[in-house]
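Enquirer: Before we start, here is the structure in question, set down as structure tokens.
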Amino acid sequence: MNKAFVRDPDDTGVHCPLCGAAGESVPESALAAYLSPDVRQRLGSAVFFCETPTCEAVYFDIVEDYAKVSELLHACYPKDPDAPLCACFGLTREDIEEDLAEGTPRRVREVVAKAKTDAAHCHEKAASGRSCVGEVQKYYLRRWGKSQGS
């Protein structure tokens, strides 16, 4: 996995009202999986995901209404570091740490391969509505760099 293939999200011009991070547009299917109808109704038609792990806002709209971490129906990464990085296939940080300990990214490669199949349902299972591949690769590379003394 080369860092050149792990790209940061494009700046949409819409930023989290709490931390200022660029928001990523979220499909309705992901919102339905993570928010109760009452919380979803508070937000506008265009909703964005805040990727900042420590920010209390998970979803927000263009008028700066937002849904808090405590309002989620279930945990999501990166808001909860113990939640799977891959909501479709359950890959966790511990799985990646095991790959690093074994010296080969077997589990990471398996998830990357599965993410390209029809079995992946990122649009409804991932809180962001996007594939986990970029986040999985970033986490792996960051931890691999630390294990190499970088």
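Enquirer: Can you compute the FRET efficiency between residue 102 and residue 138 using 1/(1 + (r/R0)^6), with r the Cβ-Cβ distance and R0 = 22 Å? Round to the nearest 0.05. Kindly include the intermediate steps, with their values, before the conclusion.
Expert: Details: r = 20 Å, r/R0 = 0.90.
With R0 = 22 Å, the Cβ-Cβ based efficiency is 0.65.
Enquirer: Give me the one-decimal nm value for the distance between modelled label points at residue 116 and residue 65, 7 Å along each residue's Cα-to-Cβ direction.
Expert: It works out to 4.1 nm between the two label points.
Enquirer: OK, next. Could you line up 66, 34 from fewest to most neighbouring Cβ atoms inside 10 Å?
Expert: Working: 66 22, 34 27.
Ascending Cβ contact count within 10 Å gives the list 66, 34.
Enquirer: Could you work out how much longer the chain between residue 38 and residue 92 gets when fully extended? Use 0.36 nm per residue separation minus the Cα distance between them, nm to one decimal.
Expert: Working: separation 54, 0.36 × 54 = 19.44 nm, distance 3.00 nm.
Gain on stretching residue 38 to residue 92: 16.4 nm.
Enquirer: Related question: Taking percent of Cα pairs over 18 Å apart as the quantity of interest, determine which of (i) 65; (ii) 57; (iii) 54 was computed from the displayed structure.
Expert: Given (i) 65; (ii) 57; (iii) 54, the calculated one carries the label (ii).
Every read-out reported here was derived from the displayed coordinates using simple, explicitly stated rules and does not represent laboratory data. None of these values were measured; they are calculated from a predicted model. Note that each Cβ is placed from the backbone with ideal geometry, even for glycine, and that neighbours are counted across all protein chains shown.
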